[in-house]
Amino acid sequence: MMDKGEQGQEKIYGKVKRKYVQKTIKGRIEALFLDNIGKVITREQIIEVATDPKTHKQPENWHQRLSELRTDSGYTILSWRNRGWLRVEEYLMPSAEKRLTAGKRVRPDNETWNAILNRAGNTCEWTEGNEICGLKEGEIDPIGGGKVKLTPDHKNPHSINPDSDPTDTNQWQALCGRHQIMKKNYWDTNTGKMNVYAIIQSSTQTEKEITFKFLLDYFGYVQDDSGKIFKLENDDKR
């Protein structure tokens, strides 16, 4: 199937070409992309392939496995954040070439992870403003849907600090799946730099307006009551 992107870019959609029986979710998703190099893969196709071929259980953490193909395996997998002509929840692997990776992803040992969960009260520790997520393991996420599964998260992105101490509880936090993905959207996992664009996109209307006014002032512009924007002259700034 072909389609035209927002900038006239021709999109060719990939297909689920066979039964994927790899033992891991990550392995099945990897095989799907390798079967469709240069073609657009949709969220629905990923979920279809990620579903356990024996139990037919749909995974709730396929986003994390997709992220690991980028960060741990070194594949380039593009999304709408990288190519404006891709829609949200569309992905594309342009080639099978792998980059050098930051190093094998580590995780806290069992004793440390239990201590983290105890500290968190078995809830998600994501904090935004003064609000803590607080969703408990096994609850239904009222926003993202599905049962909450808590997983360990590097407080610093893996690309910046791939050697986090697996025994230091202060280097880790317990996050639900939705906030794991939100954090990945906030950080560019290839460069370790903050993804300011994604942060603004996920902000409230009020926060966007505050940011807009700040940028106008920063670059020396004003907006009049009719909504028109003018560049301040040097005399006006004084």
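Here are the numbers:
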| item | result |
| --- | --- |
| Selection within the range 65-101 - surrounded by 14 or more Cβ atoms within 10 Å (Cβ to Cβ), in contact (Cβ under 8 Å) with a residue 40 or more places away in the chain and aliphatic (A, V, I, L, M) | 69, 77, 86, 92, 93 |
| Test result for residue 127, among the β-branched types (Val, Ile, Thr), at pLDDT 80 or above and touching a Ser or Thr at 6+ places or on another chain (Cβ under 6 Å) | no |
| The range 206-226: number of residues that are among the hydrophobic types (A, V, I, L, M, F, W, C) and over 18 Å from residue 196 (Cα atoms) | 1 |
| Tally, over the range 111-137, of residues that are crowded, with 18+ Cβ neighbours inside 10 Å and under 29 Å from residue 207 (Cβ atoms) | 7 |
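The values are calculated or read from the model by the stated rules, or taken from the named source; none is laboratory data. For clarity, every value in this text was computed on a predicted model and none was experimentally measured. Quick reminder, even Gly has a Cβ in these numbers, built from the backbone with ideal geometry, and neighbours come from all protein chains shown.
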